[in-house]
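Colleague: Just passing along the structure, written as structure tokens.
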Amino acid sequence: MFDPIKFLKETKIELEKVTWPKKAETIRLTQVIIIVTLIVSFYLGLLDYLFSRLVKFLIS
């Protein structure tokens, strides 16, 4: 049977084992994610534009 008190105690124990990243590392990794997201967004936007132009050319 589910015991919520035991669950919370075990959760606390597991959270104490976690190695949390330092503030500087968190900021750096967030910057990397933002940059990669912008690059991928630009790439996909460019592909979308090129394919839409190609389809318009083929249709007309």
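We did not get these values from a lab; they are worked out from the coordinates using the rules stated. Being a predicted model, the structure only gives us computed values, none of them experimental. Cβ coordinates were reconstructed from backbone atoms using ideal geometry, including for glycine residues, and neighbour counts include every protein chain displayed.
Colleague: Report the full-extension gain for the segment Ala24 to Ser60: residue separation times 0.36 nm, less the Cα-Cα distance, to one decimal in nm. Provide the component values of the computation, followed by the final result.
Modeller: Numbers: separation 36, 0.36 × 36 = 12.96 nm, distance 5.40 nm.
Extra length from Ala24 to Ser60 when fully extended: 7.6 nm.
Colleague: In the chain, which chymotrypsin sites (Phe, Trp or Tyr not before Pro) are in a loop and have at most 10 other Cβ atoms within 10 Å, using DSSP for the loop call? Please list the in-between numbers first.
Modeller: Values: sites: Phe2, Phe7, Phe42, Tyr43, Tyr49, Phe51, Phe57; in loops: Phe2.
Taking the chain and a limit of 10 other Cβ atoms within 10 Å, the loop chymotrypsin sites (Phe, Trp or Tyr not before Pro) found are Phe2.
Colleague: Could you work out the mean projected area of the convex hull around the alpha carbons of the chain, in square nanometres to one decimal?
Modeller: Values: hull surface 35.2 nm².
For the chain, the mean projected area of the Cα convex hull comes to 8.8 nm².
Colleague: Shifting gears a bit: What trypsin sites (Lys or Arg not before Pro) in the range 16-60 are in a loop by DSSP, with at most 16 other Cβ atoms within 10 Å of the Cβ?
Modeller: Here the sparse-neighbourhood loop sites are Lys22.
Colleague: Which length gain, in nm to one decimal place, applies between Ile13 and Phe51 when the Cα-Cα distance is subtracted from 0.36 nm times their residue separation?
Modeller: Values: separation 38, 0.36 × 38 = 13.68 nm, distance 5.28 nm.
Extra length from Ile13 to Phe51 when fully extended: 8.4 nm.
Colleague: From the helices alone, meaning DSSP H stretches of at least four residues, give me the mean residue ellipticity at 222 nm for the chain, per-run term -39500 (n - 2.57), in deg cm²/dmol to the nearest 500. Kindly include the intermediate steps, with their values, before the conclusion.
Modeller: Numbers: 2 runs with 51 residues, N = 60.
The per-residue figure over the chain is -30000 deg cm²/dmol.
Colleague: Right, next: Report the residue, chosen from Leu15, Leu46, Leu38, that carries the largest GNM mean-square fluctuation when the chain is represented by alpha-carbon nodes joined by springs under 10 Å.
Modeller: Of the options given, Leu15 has the highest mean-square fluctuation.
Colleague: Of the lysine pairs in the chain, how many meet both conditions: Cα atoms under 27 Å apart, and a spacing of 8 or more in sequence or different chains? Display every interim value, and only then the final one.
Modeller: On the way: Lys6/Lys17; Lys9/Lys17; Lys9/Lys22; Lys12/Lys22; Lys12/Lys23.
So the count of such lysine pairs works out to 5.
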